[in-house]
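S.K.: Have a look at this one.
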Amino acid sequence: MVFATSQFVMAGTVDSTDRYAWTENSGWLDFGTSQGDVAVSDTELTGYAWGENIGWASLNCSNTSSCATVDYKVANDGEGNLSGYAWGENIGWINFAPTGGGVTINSSGEFSGYAWGENIGWLVFNCATTDSCGTVDYGVKTDWAAATQTATAAATQTGSIAGQYNAAYVEAQTMPKTPPEEKENKITFNWPWNWFGDQTQNSAPSQAVPESAPQDIEPDALPDEEIIEIEVPQLPEISDGQAQTAAEQNKTEFSFLPESLLNFAQKFPQLFETLKKTGVKTIADITKLKNVVFNLPDLAKILGGGDIARNAQKIPEEVIFARAFGIDLSVKIAADQDGKAEQKIKIVKNTALELIVKPEHPARSVKGAIVLKIQNQKTGGLFEKIFASRVLAQNENANVLAEFDYQDDDGDGVFIARIDAPQVRGEYDLTAKIDYEDFAQSDREIKVNLLIDPEGYVFEKSGGKEARISDTIVSLYWKNIQTGEFELWPAEDYQQENPQTTDATGNYAFLAPAGGYYLQVEASGYPTYRGSPFELKTGAGVYQNIELEKKFGGRDLFAWEWLMFAGLVAVAVLLAVNFWRDRRRGAG
């Protein structure tokens with residue numbers, strides 16, 4: 001009797017701790033980011049590795065559906081012997097089976113050996129390869145194992161299906177025009193005498209040892225689609241009767257709107273007028289709302305400069321307002337192409353937030369939570385991996401990062417909570433669950449999308465890669481309305497520092513109120529950078545990525561390498577002249 005068999009190609013994941021490879025020229029390469037979602041199967045590797053200094057490296061053309069153009073991948077022969085190529089936009093090809101190197105996965109799932117990058121040199125996968133674990137313990141490990149080693153356990157093996165990955169968070173790749181070619185590994189020395197010929201590396205790679213263990217550095221996320229922001233003005237106050245009439249007319253005229261967007265428009269009536277101006281007049285026009293963000297008036301504008309206690313009646317009900325460092329953050333409403341609306345707040349990590357909400361009816365309590373937002377993947381049906389696993393593992397409910405209470409200390413019907421934003425970049429939900437005093441009223445939960453944005457950083461480009469710059473002085477200047485002149489923004493009035501000095505990450509960030517600004521960066525060895533003026537319509541973060549160029553850059557005729565070479569030539573000329581003079585004297 002012959003039984004038909006089905007083969008399932010299952011994939012393992014990379015260990016959350018053992019995930020780093022080391023390159024002497026480019027630092028750490030992380031194979032275990034949640035965004036990159038590296039998977040190891042019996043036939044191939046998929047997903048992306050991330051290097052702080054080199055960006056994303058794609059392990060398979062299937063990541064970007066580009067195999068019809070350039071067919072490449074890191075292949076697995078089923079026994080853990082890797083071959084083929086990875087591709088990085090900033091670094092070119094990485095060969096996993098070069099002459100003098102090679103990468104394997106042993107029965108314990110540990111990577112070992114060397115890969116070769118044409119622009120980054122040797123890539124070391126395990127400290128044991130260089131006998132350096134006593135100095136820095138690092139390596140890459142997976143839960144995949146060869147089929148011959150797991151035959152009895154194959155039916156229960158778990159892991160993500162090969163080829164499916166978290167593409168929504170991966171930086172868009174610029175695909176290579178031609179497949180890689182087998183060639184000798186060459187090391188290029190940045191010295192003048194290298195002009196006389198490349199030095200070929202035919203032997204095993206040098207024993208490069210990193211200076212310190214890797215740090216968890218969040219990779220850059222995929223740039224969002226272009227967002228159109230529309231400012232929604234604050235309307236003049238009208239009588240209650242006029243407001244009621246306008247509300248009824250608008251509700252009838254815009255009855256085609258999805259409930260979530262209609263609900264926001266009823267709380268901010270000026271949104272109805274803005275929708276008309278943007279051409280949203282029928283149900284067929286809802287698709288125009290894709291990638292549109294409406295910036296509604298912040299709490300300061302709504303209160304007209306007054307305090308909450310004396311102006312509580314002006315606050316729209318059951319909308320979460322946010323403040324940070326005494327600055328009111330704008331109320332951003334984003335709608336998708338189906339018109340479903342969601343309130344958004346964008347802030348940098350670990351910012352102290354003040355959240356304000358006014359229930360529609362008298363409430364006994366308002367309880368809040370910060371919840372990690374998990375979405376279904378559009379390209380494979382897999383759930384997004386939890387990138388904050390170290391934090392989440394400490395919670396009984398893995399998705400809830402924190403719970404807190406909103407308080408109404410003065411009894412004005414407005415509840416306030418003070419929290420710290422999450423310390424890990426990502427997307428979260430801020431919730432406010434309202435328990436009404438009237439039992440006839442069902443409890444209500446309000447959600448706001450909280451995006452923890454990366455900080456801005458200062459960098460320079462070196463060999464096509466980004467290198468962060470430490471000890472730079474970043475200053476924010478604002479335009480004084482009274483004098484019309486720019487001056488150093490008084491950050492101390494908002495519990496911040498200005499200027500800021502960057503650390504090894506090159507990071508900085510400001511949170512500033514509405515106004516005109518520009519950034520200035522000073523660093524030793526670099527010309528002073530002064531950015532173009534820009535305007536903040538409302539309270540927002542200021543964290544641009546700023547590139548500096550050295551005063552004597554690599555392309556400048558007077559770069560230090562050129563100067564060194566010129567000095568050597570000058571010395572040689574002087575020696576030749578002295579030699580010639582000595583010979584003339586001897587002949588005379």
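The values are calculated or read from the model by the stated rules, or taken from the named source; none is laboratory data. Note that the structure is a prediction, hence the values are computed from the model and not measured. A quick note on method: Cβ atoms are made from the backbone with ideal geometry, for glycine too, and the neighbour counts reach across all protein chains shown.
S.K.: Answer yes or no as to whether T282 is assigned by TED's automatic domain parsing to the domain that holds L430, closer than 21 Å to A247 by Cα, exposed (fewer than 14 other Cβ atoms within 10 Å of the Cβ) and more than 28 Å from the chain's Cα centre (by Cα).
M.R.: Details: assigned by TED's automatic domain parsing to the domain that holds L430: yes; closer than 21 Å to A247 by Cα: yes; exposed (fewer than 14 other Cβ atoms within 10 Å of the Cβ): yes; more than 28 Å from the chain's Cα centre (by Cα): yes.
In short, yes.
S.K.: Check whether at least one residue in region 293-307 is out of contact with any strand residue (DSSP E or B) (no Cβ under 7 Å at 6 or more places or on another chain), under 22 Å from V366 (Cβ atoms) and assigned to a loop (DSSP other than H, G, I, E, B), and report yes or no.
M.R.: Yes, that holds for at least one residue.
S.K.: Here's a follow-up. I'm trying to understand the selection: among the residues of region 528-560, which are more than 23 Å from the chain's Cα centre (by Cα) and at pLDDT 90 or above?
M.R.: T528, Y529, R530, S532, P533
S.K.: How many residues does region 76-95 hold that are in contact with a Phe, Trp or Tyr (Cβ under 8 Å, 6 or more places away or on another chain) and within 16 Å of S41 (Cα to Cα)? Talk me through it step by step, then tell me what you get.
M.R.: Pass one, region 76-95, residues in contact with a Phe, Trp or Tyr (Cβ under 8 Å, 6 or more places away or on another chain): 82-89, 93-95.
Checking the rest, the ones that are also within 16 Å of S41 (Cα to Cα) come to 82-86.
Residues meeting the conditions: 5.
S.K.: While we're looking at this one, here's another question. Are any residues in region 419-439 touching a strand residue (DSSP E or B) at 6+ places or on another chain (Cβ under 9 Å) and among the aromatic types (F, W, Y), and if so, which ones?
M.R.: Of all residues in region 419-439, those touching a strand residue (DSSP E or B) at 6+ places or on another chain (Cβ under 9 Å) come to 419-437.
Correct list: Y428, Y436.
S.K.: Restricting region 64-75 to residues that are buried (at least 19 other Cβ atoms within 10 Å of the Cβ) and out of contact with any Asp or Glu (no Cβ under 6 Å at 6 or more places or on another chain), which is modelled with the highest pLDDT?
M.R.: V74
S.K.: Which residues, counting only those in region 18-47, are part of a strand (DSSP E or B), at pLDDT 90 or above and hydroxyl-bearing (S, T, Y)?
M.R.: In the first step, residues of region 18-47 are kept if they are part of a strand (DSSP E or B); the result is 18-23, 27-30, 39-41, 44-46.
So of that shortlist, the ones also at pLDDT 90 or above come out as 18-21, 29-30, 39-41, 44-46.
Scanning region 18-47 gives Y20, S41, T46.
S.K.: If you don't mind, another one. Of all residues in region 127-146, which are modelled with pLDDT under 90, within 22 Å of N53 (Cβ to Cβ) and either touching a His at 6+ places or on another chain (Cβ under 6 Å) or not in a loop (DSSP other than H, G, I, E, B) (or both)?
M.R.: C127, T129, T130
S.K.: Another question, if that's okay. Would you pick out the residues in region 12-63 that are surrounded by 23 or more Cβ atoms within 10 Å (Cβ to Cβ), in contact with a Lys or Arg (Cβ under 7 Å, 6 or more places away or on another chain) and over 16 Å from V140 (Cα atoms)?
M.R.: S26, I54, N60 - these are the residues of region 12-63 that are surrounded by 23 or more Cβ atoms within 10 Å (Cβ to Cβ), in contact with a Lys or Arg (Cβ under 7 Å, 6 or more places away or on another chain) and over 16 Å from V140 (Cα atoms).
S.K.: Do you know which residues across region 33-80 are free of Cβ contacts under 8 Å to residues at least 24 places away in the same chain and out of contact with any Cys (no Cβ under 8 Å at 6 or more places or on another chain)?
M.R.: Answer for region 33-80, where residues must be free of Cβ contacts under 8 Å to residues at least 24 places away in the same chain and out of contact with any Cys (no Cβ under 8 Å at 6 or more places or on another chain): S65, A68, D77.
S.K.: Okay, moving on. Regarding A57, is this residue among the small types (G, A, S) and over 21 Å from S16 (Cα atoms)? Walk me through it before giving the result.
M.R.: Details: among the small types (G, A, S): yes; over 21 Å from S16 (Cα atoms): no.
Answer is no for this residue.
S.K.: Right, another one. Pick out, from region 481-537, the strands (runs of 3 or more DSSP E) lying fully within it that include 2 or more residues that are touching a residue at least 40 places away in the same chain (Cβ under 8 Å). Full working, then the answer.
M.R.: Numbers: elements: 486-488, 510-512, 515-522, 534-536.
Counting at least 2 such residues, we get 510-512, 515-522.
S.K.: Another one. Would you mind finding the one in E427, E460 that is closer than 21 Å to Q500 by Cα and either part of a strand (DSSP E or B) or at pLDDT below 90 (or both)?
M.R.: None of the others qualify; the one that does is E460.
S.K.: Quick one: what pairs do we get from region 270-295, first residue under 17 Å from K340 (Cβ atoms) and in contact (Cβ under 8 Å) with a residue 60 or more places away in the chain, second buried (at least 16 other Cβ atoms within 10 Å of the Cβ) and among the polar types (S, T, N, Q), C-beta under 9 Å, 6+ apart or different chains?
M.R.: Qualifying pairs under 9 Å: F294/T274.
S.K.: Would you please name the residue that is modelled with the lowest pLDDT, looking only at residues in region 308-358 that are of a type in the set (G, A, S) and either part of a loop (DSSP other than H, G, I, E, B) or crowded, with 19+ Cβ neighbours inside 10 Å (or both)?
M.R.: Just the residues of region 308-358 that are of a type in the set (G, A, S), to begin with: 309, 312, 322, 324, 326, 330, 334-335, 339, 341, 352.
Next cut, either part of a loop (DSSP other than H, G, I, E, B) or crowded, with 19+ Cβ neighbours inside 10 Å (or both) only: 309, 322, 324, 326, 330, 335, 339, 341.
Numbers: A309: 81, A322: 91, A324: 88, G326: 84, S330: 78, A335: 76, G339: 71, A341: 84.
Selected residue: G339.
S.K.: Scan region 428-450 residue by residue and report those that are surrounded by 17 or more Cβ atoms within 10 Å (Cβ to Cβ) and under 30 Å from V474 (Cβ atoms).
M.R.: Those that are surrounded by 17 or more Cβ atoms within 10 Å (Cβ to Cβ) and under 30 Å from V474 (Cβ atoms): Y428, L430, V448, L450.
S.K.: Looking only at strands (runs of 3 or more DSSP E) that fall completely inside region 48-88, which ones have 2 or more residues that are within 22 Å of S107 (Cα to Cα) and in the same structural domain as A146 (by TED's automatic domain parsing)? Give the steps one after another, and end with the answer.
M.R.: On the way: elements: 48-51, 55-58, 74-76, 81-88.
Strands (runs of 3 or more DSSP E) meeting the threshold: 74-76, 81-88.
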